[in-house]
Amino acid sequence: MSVMPPVPALNPPVAAAFDWRRRSLAAGLHFLLTAALLSLVLWLFVSRWYPSGYRELAGGWVLLGIVLSVDLCLGPLMTWAVFDVRKPRQALVRDMAVVAFMQAAALIYGLSVAAESRPVALVFAVDRFTLVPANGLRSEELPFASPAMRAISWRGPVLRATRESAPGEVLDSVSLAAQGYDLAQRPTYWQDYAPSRSLARARPLEKGKPRRPTRTPARS
């Protein structure tokens, strides 16, 4: 008894075409959710960590631009690349979880860098003002500073001044200055700015005019 071979299907199944529409919708939704989250980050930067007048001095705009651009592009682009309804549901959920994890890791890293670089104090030392970031002060001195100077600001820089070095502190100050720690970066030297308002070296603004008059251009 002979066995007939199986008859091949007249219309073999064809793989589904590349679904541009669903990929674009998923990436667009991811973009909108990311933009909503980053609006909170923008508020945090502008109103808390880098207030007006200090964003340019402390490089806040550069950090903000990097954080916003990386997260706005990273998540949606990866979603567009991996989102495919032809995948098994479990594989699709796994891929999207990996995308969310990578985007969250990038955002957390960017925020940590911005938090460490935020300006915390505007300190008058000797004859100039110094803008001190959180990662620029000598943090190991905080427990030994006066109680009012131990808290580090999270809402923009606070105005401070420095006291004079005691006779027994001069050599230590010189040694730390050689290591890159100015008096303005040492919380044990901080004090309120009010006692330093009447500065011996302060001069009226008119005294800051150039000594030489403006030169007239030479005639040809």
Enumeration of residues in region 149-180 that are more than 20 Å from the chain's Cα centre (by Cα), open to solvent by 70 Å² or more (accessible area, probe 1.4 Å) and closer than 27 Å to Phe45 by Cβ
Arg150, Ala151, Leu159
Conditions (1) touching a helix residue (DSSP H, G or I) at 6+ places or on another chain (Cβ under 8 Å); (2) more than 21 Å from Ala114 (Cα to Cα); (3) crowded, with 17+ Cβ neighbours inside 10 Å; number of the one not met by Gly136
(2)
Could you please give the count of residues in region 58-91 that are assigned to a helix (DSSP H, G or I) and open to solvent by 30 Å² or more (accessible area, probe 1.4 Å)?
18
Complete set of residues in region 77-126 that are closer than 23 Å to Ser39 by Cβ and over 20 Å from the mean Cα position of the chain (by Cα):
Leu77, Met78, Thr79, Trp80, Met96, Val99, Ala100
Considering only region 29-52, state which residues are among the small types (Gly, Ala, Ser) and either surrounded by 12 or more Cβ atoms within 10 Å (Cβ to Cβ) or in a helix (DSSP H, G or I) (or both).
Ala35, Ala36, Ser39, Ser47
I'd like the residue in region 126-149 that is at pLDDT 85 or above and part of a loop (DSSP other than H, G, I, E, B) and, out of all such residues, is nearest to Ala194 (Cα to Cα).
Ser146
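The values are calculated or read from the model by the stated rules, or taken from the named source; none is laboratory data. The model shown is predicted, which means the values in this text are computed figures rather than measured ones. When we count neighbours, we look across all protein chains shown, and the Cβ atoms used for this are built from the backbone with ideal geometry, even at glycine. Accessible surface areas use protein heavy atoms only, side chains included; no ligands, DNA or RNA. Shrake-Rupley method; radii C 1.70, N 1.55, O 1.52, S 1.80 Å.
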